[in-house]
Amino acid sequence: MVGDGSRRATEPQTLYWGMGAGTIAVGLITIVRGVRRVLDTMELPDQYAGSGPAASADATSTVVWGAVLVTVGAYLWRAGRRHGFHDRAGRILIIVGYVLIGIALNESAHLMAGIWTVTTEAQNQALTASITATFLAWGVPGTALVFIGCSPRLANEEIQLNRQPGSGCALPPASHAIRSRPNASGAFEWLCQDADDRDLLRRGFLPGGDGA
């Protein structure tokens, strides 16, 4: 008996690969658009007055949502190699969590645009408190959902971001295999997979596999 049905290695589900690839592509396009908008705001006559701060916040938010889409797409792509109710429930929690984190960053960026209009210390403190409260109100539940969804009983995902290109892939204890790949920010994303994934790796369904 090799674990429960949700962890059993089976043929990849190409539908999820297609959904993941499409979402990642849209996310990358959104990031490029956002970066262009950020650069455009730098050419405004006054970035810190009039519509300048709001335009900067909108541009920053575009980049944020692009990054969220790329992240969601990565989890959809990885769903193509997983099966079972627990995995799907975990990924739903992860995706909802990242959307909440995106909202936290989006709302905070727009509130921060108001920093250029405050004229007193009291207004500054009130704005700072509002930004903090808004970020925590959305970000804490989002982070909690991501951690719950990544738990071994659900999607069984464990992600660590490191800037260590060329450091190779160390083998962790017991039933996990690790591979790395660059993410959209240029950092390297270490992805832990359960033992059943190694069968797909060996059979050539995962990057780095030897094929059948």
Report task. Check each of the trypsin sites (Lys or Arg not before Pro) in the range 56-100 and keep only those in coil by DSSP with at most 12 other C-beta atoms within 10 angstrom; list them in order. Result -> none
Report task. Please name whichever of Leu69, Ala133, Val118 sits farthest to the positive end of the charge dipole of the range 11-149, dipole taken about the Cα centre and charges placed at Cβ: Lys and Arg +1, Asp and Glu -1. Result -> Leu69
Requested in this report: Place a +1 charge on the Cβ of each Lys and Arg in the range 11-149 and a -1 charge on the Cβ of each Asp and Glu, then give the dipole magnitude about the Cα centre in debye, rounded to the nearest 20.
Outcome: 640 debye
Report summary line: Relative contact order as a percentage, the range 11-149, C-alpha pairs under 8 Å and 6+ apart, gives 30 percent
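Quick note: the coordinates plus some simple rules give every number you see, no bench work behind them. The structure presented is a predicted model; accordingly, all values stated were derived computationally and were not measured. When we count neighbours, we look across all protein chains shown, and the Cβ atoms used for this are built from the backbone with ideal geometry, even at glycine.
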